[in-house]
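One structure is given below, encoded as structure tokens.
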Amino acid sequence: MKNIIAPSVLSADFGNLARDIEMLNASECTWLHLDIMDGVFVPNLSFGFPVVERIAAVARKPMDAHLMIVNPDNYIERFAKLGVEYLTVHIEACTHLNRTIAAIHDCGMKAGVALNPHTNVSLLEDVLGDIDLALIMSVNPGFGGQKFIPGSVAKVRKMRKMIADSGSKCLIEIDGGVGEDNVAMLAEAGVDAFVAGSSVFCSKDPLKTISFMANA
Ligand code: DX5
Ligand code: ZN
């Protein structure tokens, strides 16, 4: 089976956004990954609803939105209206995670929960039956182009075992420093979905890079 590749639009050329989204439409990627940053949860700003709306107008693949923001509950409905399929919130930003997951499902989206590099995967144990995606951050969130944190591999293996033991159908996604050099190793460890920003958009041949990663 092919790996799910989710190129991060954060690394696209925003002056030629439609062109870059068309490139992803024509590629072997499965999802488009949208990194939403608020300058509070992470020390950076990215883009908001007007840009997501333009991406949605051109995209022919499901949108996978990764909210690196505080108070994500305030925006769930608007992301649903824009056609987002997977909405992922950070466990570190949610005081009432169970309620947030239910609100995402109530709006017709699939629910993901992201863990920062310091957050133990065991914290997801009691919600595994309720979520569709567990996102393991393999860099500290906020910026593209950072180096993969090696300890993330052990977290993937632990998460894979937890999912198998629980009978959950939850997918494992990894985000940060992922590219052609580590995709096969991560697939073997149990990753289902791979976010790739700079490795795709800084590649001389993004279509080839996506194809390599999808079939690794
Ligand atoms: C980091 C974001 C990532 C990032 C990945 O805060 O969540 O999605 O854009 O970029 P690369 O693949 O360049 O590490
Ligand atoms: Zn991301």
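Evaluated against (1) in contact with a Leu (Cβ under 8 Å, 6 or more places away or on another chain); (2) surrounded by 15 or more Cβ atoms within 10 Å (Cβ to Cβ), Glu53 falls short on exactly one condition, (2). Do you know which of the residues in segment 98-139 that are in contact with a strand residue (DSSP E or B) (Cβ under 9 Å, 6 or more places away or on another chain) and charged (D, E, K, R) is farthest from Leu82 (Cα to Cα)? Among those residues, the one meeting the criterion is Asp130.
Taking segment 24-46 as the range and being away from ligand 2 (no atom under 16 Å from the Cβ) and either modelled with pLDDT under 95 or within 28 Å of Gly190 (Cα to Cα) (or both) as the test, the residues that pass are Asn25, Ala26, Ser27, Glu28. Only strands (runs of 3 or more DSSP E) whose full extent lies in segment 31-94 are considered here, and none of them has at least 3 residues that are among the charged types (D, E, K, R), within 14 Å of ligand 1 (Cβ to nearest atom) and without any contact (Cβ under 8 Å) to a residue 12 or more places away in the chain. Taken across segment 168-187, residues that are of a type outside the set (A, V, I, L, M), farther than 21 Å from Asp35 by Cβ, open to solvent by 10 Å² or more (accessible area, probe 1.4 Å) and in a helix (DSSP H, G or I) do not occur at all.
Exactly one residue out of Glu22, Glu77, Glu28, Glu85 is among the acidic types (Asp, Glu) and over 18 Å from Pro7 (Cβ atoms): that is Glu77.
Looking across segment 110-129, the residues that are away from ligand 2 (no atom under 16 Å from the Cβ) and surrounded by 15 or more Cβ atoms within 10 Å (Cβ to Cβ) come down to Val121, Leu124, Val127, Leu128. Just wondering, is there one or more residues in segment 132-151 that are under 24 Å from Ile69 (Cβ atoms), more than 14 Å from ligand 1 (Cβ to nearest atom) and either assigned to a loop (DSSP other than H, G, I, E, B) or open to solvent by 50 Å² or more (accessible area, probe 1.4 Å) (or both)? Yes; the residues of segment 132-151 include at least one that is under 24 Å from Ile69 (Cβ atoms), more than 14 Å from ligand 1 (Cβ to nearest atom) and either assigned to a loop (DSSP other than H, G, I, E, B) or open to solvent by 50 Å² or more (accessible area, probe 1.4 Å) (or both). Annotation: of all residues in segment 193-211 being open to solvent by 40 Å² or more (accessible area, probe 1.4 Å) and more than 15 Å from ligand 1 (Cβ to nearest atom), the one that is farthest from Lys2 (Cα to Cα) is Lys204.
The values are calculated or read from the model by the stated rules, or taken from the named source; none is laboratory data. Because the structure is predicted, anything quoted here is derived from the model rather than measured. Here the Cβ is made from the backbone with ideal geometry for all residues, glycine too, and neighbour counts use every protein chain on show. For accessibility, only protein heavy atoms count, side chains too; no ligands or nucleic acids. Shrake-Rupley method; radii C 1.70, N 1.55, O 1.52, S 1.80 Å.
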